[in-house]
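All remarks here apply to the structure that follows.
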Amino acid sequence: MISIGVIIGSTRPGRKAEAVARWVRDIAAQRGDVTVELVDLADHALPRLNSPLPPSMAPSTDPEVRRWAARIAAFDAYVFVTPEYNHSVPGVLKDAIDHLYPEWTNKAAGLVSYGVHGGASAAEHLRLVLAQVEIADVRSQVSLSLVTDFVGFQHFRPGPAQATAVGGMLDQVVAWGGALRGLRGR
């Protein structure tokens with residue numbers, strides 16, 4: 001079994017990320033090869049990144065960051081759900097990633113993005129960030145359009161093809177999450 005954390009990458013009032021993350025979680029929960037949990041950034045009062053040294057050199061001593069680290073360390077893989085804000089990811093998601101290093105390393109991740117153009121720019125930026133903390137992001141991703149997958153840009157109503165895309169992305173996350181276990185065990 002691979003344990004997957006579905007990370008809700010926005011804390012903005014009126015966010016759509018929670019509905020999207022629950023949908024991904026529900027699809028993943030139907031599989032027999034994973035355990036899956038939601039990880040909501042709104043439940044973690046993380047400070048702005050303010051460490052004098054990068055987390056790869058010295059872990060934070062901030063109690064909230066340590067609680068976040070313990071939560072993230074518990075998973076084999078992740079699915080990041082991110083909106084696109086100004087052609088990138090929300091600052092809160094970037095900070096949440098930047099606060100940690102060893103907790104992320106040698107794990108797999110899938111991406112689910114949304115925006116007017118499917119959140120493609122946010123997903124591409126997120127891939128660059130994840131590479132720096134040594135997360136292996138999978139090729140398949142799910143791009144949700146605010147125009148076609150949401151009613152009136154507000155209410156999440158994905159088409160059946162999107163659920164199929166989630167399944168394909170999860171297949172890759174499970175495969176990579178299992179393959180990287182040996183590296184995590186060192």
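Within segment 171-181, the set of residues being under 16 Å from ILE135 (Cβ atoms), assigned to a helix (DSSP H, G or I) and either at pLDDT 95 or above or among the small types (Gly, Ala, Ser) (or both) comprises GLN172, VAL173, VAL174, ALA175, TRP176, GLY177, GLY178, ALA179. Quick check, is VAL24 closer than 18 Å to GLY177 by Cβ, hydrophobic (A, V, I, L, M, F, W, C) and in a helix (DSSP H, G or I)? Against the criterion (closer than 18 Å to GLY177 by Cβ, hydrophobic (A, V, I, L, M, F, W, C) and in a helix (DSSP H, G or I)), VAL24 qualifies. The test for being surrounded by fewer than 23 Cβ atoms within 10 Å (Cβ to Cβ) and under 15 Å from the mean Cα position of the chain (by Cα) does not hold for PRO59. When restricted to residues that are among the hydrophobic types (A, V, I, L, M, F, W, C) and out of contact with any Pro (no Cβ under 8 Å at 6 or more places or on another chain), segment 59-72 contains 3.
Whenever a residue of segment 68-83 is in a loop (DSSP other than H, G, I, E, B), its partners that are small (Gly, Ala, Ser), lying with C-beta atoms within less than 6 angstrom and at least six residues away or across chains, give the pairs PHE75/SER3; PHE75/GLY5; ASP76/SER3; ASP76/GLY177.
Given the condition surrounded by fewer than 18 Cβ atoms within 10 Å (Cβ to Cβ) and either touching a Lys or Arg at 6+ places or on another chain (Cβ under 6 Å) or in a helix (DSSP H, G or I) (or both), answer yes or no: does some residue in segment 135-142 qualify?
As a first pass, look at segment 135-142 and keep what is surrounded by fewer than 18 Cβ atoms within 10 Å (Cβ to Cβ): 139-140.
In the following step, the residues that additionally are either touching a Lys or Arg at 6+ places or on another chain (Cβ under 6 Å) or in a helix (DSSP H, G or I) (or both) were identified as none.
No, every residue in segment 135-142 fails to be surrounded by fewer than 18 Cβ atoms within 10 Å (Cβ to Cβ) and either touching a Lys or Arg at 6+ places or on another chain (Cβ under 6 Å) or in a helix (DSSP H, G or I) (or both).
Looking at segment 88-106, which of its residues are assigned to a loop (DSSP other than H, G, I, E, B) and either β-branched (Val, Ile, Thr) or more than 28 Å from GLY167 (Cβ to Cβ) (or both)? If you could, list the steps in order and put the result at the bottom.
Looking only at segment 88-106, we keep the residues that are assigned to a loop (DSSP other than H, G, I, E, B), and these are 89-90, 99-106.
VAL89, HIS99, LEU100, TYR101, PRO102, THR105 - these are the residues of segment 88-106 that are assigned to a loop (DSSP other than H, G, I, E, B) and either β-branched (Val, Ile, Thr) or more than 28 Å from GLY167 (Cβ to Cβ) (or both).
Cβ-Cβ contacts under 6 Å between residues 6 or more apart (or on different chains), taken from a first residue in segment 28-47 that is part of a strand (DSSP E or B) to a second residue that is modelled with pLDDT under 95, are listed as THR35/MET1.
Going by what's in this entry, would ALA131 be described as assigned to a helix (DSSP H, G or I) and either free of Cβ contacts under 8 Å to residues at least 60 places away in the same chain or touching a helix residue (DSSP H, G or I) at 6+ places or on another chain (Cβ under 8 Å) (or both)?
Spelling it out, ALA131 is indeed assigned to a helix (DSSP H, G or I) and either free of Cβ contacts under 8 Å to residues at least 60 places away in the same chain or touching a helix residue (DSSP H, G or I) at 6+ places or on another chain (Cβ under 8 Å) (or both).
Going by the conditions given, is ALA123 among the aliphatic types (A, V, I, L, M), in a helix (DSSP H, G or I) and surrounded by fewer than 19 Cβ atoms within 10 Å (Cβ to Cβ)? Spell out how you get there, then give the answer.
Details: among the aliphatic types (A, V, I, L, M): yes; in a helix (DSSP H, G or I): yes; surrounded by fewer than 19 Cβ atoms within 10 Å (Cβ to Cβ): no.
No, not satisfied.
The values are calculated or read from the model by the stated rules, or taken from the named source; none is laboratory data. As the structure is a computational prediction, the values presented were derived from the model and not from experiment. Quick reminder, even Gly has a Cβ in these numbers, built from the backbone with ideal geometry, and neighbours come from all protein chains shown.
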